[in-house]
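Working notes, beginning with the structure itself.
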Amino acid sequence: MKKKRKSTGGAFRQNYYAYVLITPGLLLVGIILIYPLVRGIISSFFTQASGSMEFEAFVGLQHYQELLDDKIFIQAMKNSLWWTVIIVAALYLLGLGIALLLNCSFKGRGIFRSLVLIPWVVPGIAAAMTWKWMYASQYGIINQILQYLGLIDKSVDWLGSAGTALGSIMVTAIWKDVPFVVVVLLAALQSIDTTLYEAVYIDGGNAFQAFWHITMVGIRDVSVTTILLEIIWTFNKFDLVYTMTKGGPANSTQIIPVYTYITAFNFFKLNKAAAIGVVGLLIVGVFAVAYIIYNERREAQES
């Protein structure tokens, strides 16, 4: 027992400077991230005093019960789910296809690998404004191109119509985020031993079997991690929707992050907004926990 105390004390003294150095960072994280998060969760169970940031009365689950009768919140939840599922699926399939192409040897491959990064480095607000202009019904280049190709007879108000607004923003989100998926999957593809493909063909296998049993297995861990991260990021995406439509028209593009912001700063219902944020946090938290568990299991298997 004495030796254990001595080794523990020695370890503490040995890492003393490390603890000193990380303390300011931990305090900063606590102030910037943890405190607002905890206060937001607590405020969802209270009412706000008029003209003050202080809590007024404890109301329990009242704000959460109100959300069940809030048609806009229900619409925002449905939109968020569709938004996340469609975008993440498109990001992975399109990213995998581009990564497979860029993994092949052809002239100018380095140039194309550089060009594919351009959408990713464009700031979100700049990308949203650019695509908003491109979608414009009167002078937008998208309508001009489609009319020139004979695909439409007259200009379409892409962001002003409830039937096309959400899909139009999805296209922008996919264009913006697909480079990240391409880069990650391309790195995983390049780590696969090419002799494994030769072994498959020698054993009489075909291209599909090589792709399924070598390529997909080789990028499986990276794919799962990428998909989980994209689910979290896409569900929380705010800048594109708010900049392009602010949740309209007729709440057809309303998603949880945008509705949280509008409820808090347009309608000044801070406690209800906190409840909406907590619901979003719980949904994203499921995938965050899945991401952590998956990474821990993978590290345990590798060790």
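How many of the residues making up the stretch 216-227 are in a helix (DSSP H, G or I) and surrounded by 20 or more Cβ atoms within 10 Å (Cβ to Cβ)?
1
Within 21 Å of the chain's Cα centre (by Cα) and surrounded by 15 or more Cβ atoms within 10 Å (Cβ to Cβ): is that true of Ala273 in this structure?
yes
With the condition kept exactly as written, say whether any residue in the stretch 242-254 is in contact with a Pro (Cβ under 9 Å, 6 or more places away or on another chain) and either surrounded by fewer than 17 Cβ atoms within 10 Å (Cβ to Cβ) or assigned to a helix (DSSP H, G or I) (or both).
yes
Kindly indicate whether Phe211 is over 21 Å from the mean Cα position of the chain (by Cα) and either basic (Lys, Arg) or assigned to a helix (DSSP H, G or I) (or both). I'd like the intermediate steps shown before the answer.
Working: over 21 Å from the mean Cα position of the chain (by Cα): yes; either basic (Lys, Arg) or assigned to a helix (DSSP H, G or I) (or both): yes.
Judged against the criteria, Phe211 is a match.
Does Ala274 count as of a type in the set (Gly, Ala, Ser), assigned by TED's automatic domain parsing to the domain that holds Lys78 and in contact with a Ser or Thr (Cβ under 6 Å, 6 or more places away or on another chain)?
Yes.
Residues checked against (1) part of a loop (DSSP other than H, G, I, E, B); (2) in contact (Cβ under 8 Å) with a residue 40 or more places away in the chain:
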site	(1), (2)
Trp120	no, yes
Ala126	no, no
Gly150	yes, no
Gly167	no, no
Leu189	no, yes
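Within the stretch 235-260, can you find the residues that are under 18 Å from the mean Cα position of the chain (by Cα) and of a type in the set (Val, Ile, Thr)?
Selection gives Val241, Thr243, Thr253, Ile255, Ile256, Val258, Thr260.
Which one is modelled with the highest pLDDT, of the residues in the stretch 255-296 that are outside any helix (DSSP H, G or I) and more than 13 Å from Phe73 (Cβ to Cβ)?
Restricting to residues being outside any helix (DSSP H, G or I) and more than 13 Å from Phe73 (Cβ to Cβ), the top hit is Asn266.
Suppose the filter is among the charged types (D, E, K, R), modelled with pLDDT under 95 and either surrounded by 14 or more Cβ atoms within 10 Å (Cβ to Cβ) or within 18 Å of Val181 (Cα to Cα) (or both); does Asp203 pass it? First the steps, then the outcome.
Numbers: among the charged types (D, E, K, R): yes; modelled with pLDDT under 95: yes; either surrounded by 14 or more Cβ atoms within 10 Å (Cβ to Cβ) or within 18 Å of Val181 (Cα to Cα) (or both): no.
No.
Taking Phe106, is it of a type in the set (A, V, I, L, M, F, W, C), loosely packed, with under 12 Cβ neighbours inside 10 Å and more than 24 Å from Phe238 (Cβ to Cβ)?
yes
Would you confirm whether any residue within the stretch 201-221 is closer than 30 Å to Trp133 by Cβ and either of a type outside the set (A, V, I, L, M) or in contact with a Ser or Thr (Cβ under 7 Å, 6 or more places away or on another chain) (or both)?
Let us first name the residues in the stretch 201-221 that are closer than 30 Å to Trp133 by Cβ, namely none.
No.
If you check Leu100 against the conditions, is it crowded, with 17+ Cβ neighbours inside 10 Å, in contact with a Leu (Cβ under 9 Å, 6 or more places away or on another chain) and in contact (Cβ under 8 Å) with a residue 24 or more places away in the chain? If you could, list the steps in order and put the result at the bottom.
Values: crowded, with 17+ Cβ neighbours inside 10 Å: no; in contact with a Leu (Cβ under 9 Å, 6 or more places away or on another chain): yes; in contact (Cβ under 8 Å) with a residue 24 or more places away in the chain: yes.
Judged against the criteria, Leu100 is not a match.
The values are calculated or read from the model by the stated rules, or taken from the named source; none is laboratory data. These figures come from a predicted structure and were not determined experimentally. So basically every Cβ, Gly included, is an ideal-geometry build from the backbone, and we count neighbours across all protein chains shown.
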